[in-house]
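See structure below.
The values are calculated or read from the model by the stated rules, or taken from the named source; none is laboratory data. Nothing here was measured: the structure is a model prediction, and the numbers come from that model. For neighbour counting, all protein chains shown are included, and Cβ atoms are generated from backbone atoms with ideal geometry for every residue, glycine included. SASA here: full protein model, heavy atoms, side chains in, ligands and nucleic acids out. Shrake-Rupley method; radii C 1.70, N 1.55, O 1.52, S 1.80 Å.
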Amino acid sequence: WLSVVIDSQVDDPLDVRPLPNLDRNIRVGDSLAGVFAEGPMMQGAGSRLRVLRERYARAAGRRKESLVRLLDREERRVALANVGRELTTIAAVRRDLLTAIRGRDLFGERMAPAPELRAQATALRVRAATLRVERRRLAGGGALPFSFAVHFADVTARGGFDIILGNPPWVRLHRVPVREREMLRAQYRVFRAGAWESGAARARAGRGFAAQVDLAALFVERAVRLLRPGAVLALLLPMKLWQSLAGGGVRRLLVEETRVLELEDLSDGPSTFDAAVYPSLLVAERWSGAPDDTPGEILAVAHHRGCGALRWRMPRRMLPFDDSAGSPWLVLPPDVRSAFDRLRASGVALADSAIGRPHLGVKSGFNLAFVVRLDGVPDNPAAIAAANGRRGLIEHALLRPVLRGEDVNRWRVGAPNEFIIWTHAASGGALERLPPHAARWLTPWRRQLAARADARDARWWSLFRVDGARPDRPRVVWADLGRGPRATVLPANDPAVPLNSCYVAICRDDTDALALTAILNSPLAEAWLAALAEPARGGYRRFLGWTMALLPLPLDWNRARAALAPIAHRAMLGEDQMALRDELLHESLAAYRVRHDDMAPLLTWFAG
């Protein structure tokens, strides 16, 4: 208001034109609710609402009150028409489904309908019933739920908004109530297909990462749908959307339906939030479908290690890790990206090597029952205590030392002070029957153990993802969280059980294990992985299975392991790590057949 007054040229304050009535343009509501109608509008609805809103903005007194009633009536008319149109569509789809369900084969026999057809028909029937209730409520004068297609029907009619600015909430979807979550899954593509499928397949990732889709990704999809072709969005979003496995869906959406104009990595910038967050700024233009005659470049910005904002332009095709749909995005200066790609081309991905993909550590789903401490000196049966103070006895042969991510250091692990009750046979399968003490210990928790998500097709005392606990071959283990990878070797016959805060590579022999550990602990691998790994709180990164599966190993693995294994052996015997670091870097460069000068930008960019 002050700005309006200052810019006014009139002398008498009473002659200053009042501010327009903006309350019909400024709305409060759930931006994810409802569907933004991109299809045909009710005839003339958008034009009528636009005219009424423009008149209302200038109105005062009784004229303003009259226009409020007219706007309410028109918005209600649009809402009822939208409900009616959806009911008509559902009725047509249901007719086709019922015809298919009740159809007969060539011999006149009734066909057994596919379960998915019945499920779809049931869902449509429930939706139609809900819409009929809503139609009666609206017709009876009930409050209009917020909807872009209703409250901004004039914008809908002309194809969308010109610009969208926002800072959507950053919330993992597993924190959203189940019923609402299912509604969002049905409506939003980035929820239904959230993964980077190529990376998930290579690491054989399960479906658990679907819960890691961020609510912010759904807001990106809604923003794209609300824009007219050629319009622009600018959103403050979590940096993990561009690097996480679960961000594949939103990256694919943006590549297919927008031109990314600017991406700014603010994760190392000056803190402007009370919480520990890692933000980024995305600016993108809705793809118009016209021939792309603009330069295929984006402006990239990084706030890097106290150096201020570093800006550079780069080809848009250089943003993704590779050409697969939903590939992670790397905000790296051209020389750093060139070094990253050169090292990748000098090796074969761990998942494709003779060692194979990493395995997640053992998952119990209920550590209170399985992870215990010895209560006194070891004996048979052994006295044990749970984290809640419960004490009991267990067969000593069932106890195996536990290894958590925080126990893993470069080249060594801490002395075990916890044990897991190992309810599996040497073959890996769950025991046919629990021994007496184990049965007495676990039975009070039977209900909780049977309710675990992974226990549907297993015995209630089972542990899960037990491959990484196999002691018959040497294993390389590293923590899933750290400023850099921290890896060590568990030799064959070591009974330690890495939990699911660790990842494990199962190796053919000791030389393979030592060489892989040397690479993981080298400055070269640390820098390469830092470019790809998902950022975490406190400057840490997530060295997850899919990330580590992409780490290149030298093409000439026999030559590499002959040079690197002795260094790892000396380090594990206690030789000074700092003294070995330069030697390890030199031998790693030689193993990949790359020059230090070529790798210097990558090493410098991620130097600790």
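Here are some notes:
- Backbone N within the stretch 137-174 under 14 Å of label point (7 Å from Arg50 Cα along the Cβ vector): 152-162
- Kyte-Doolittle at least 0.0, axis length at least 18 Å by Cα - qualifying DSSP helices, the chain: none
- Using only side-chain charges placed at the Cβ, +1 for Lys and Arg and -1 for Asp and Glu, the dipole size of the stretch 116-222 relative to its Cα centre rounds to 520 debye.
- Spin-label model, Ser66/Ala325: points 7 Å from Cα along the beta carbon direction are separated by 5.5 nm.
- Just the protein heavy atoms count here, and of the accessible area of the stretch 329-378 at 1.4 Å, carbon and sulfur take up 50 percent.
- In the stretch 378-439, the GluC sites (Glu not before Pro) that fall in loop regions by DSSP, at most 12 other Cβ within 10 Å: Glu432
- Per residue, the accessible area of the chain comes to 50 Å² when a 1.4 Å probe rolls over the protein heavy atoms.
- For the pair Ala600 and Val133, label points projected 7 Å from Cα toward Cβ lie 7.0 nm apart.
- Among [x] 39.7; [y] 29.3; [z] 25.7, the entry derived from the coordinates for mean projected area of the Cα convex hull in nm²: [x]
- Placed amide H near Phe146: partners under 5 Å, 5+ positions off or other chain: Asp30
- Label point distance in nm, Ala579-Leu310, each placed 7 Å from Cα along Cα→Cβ: 3.4
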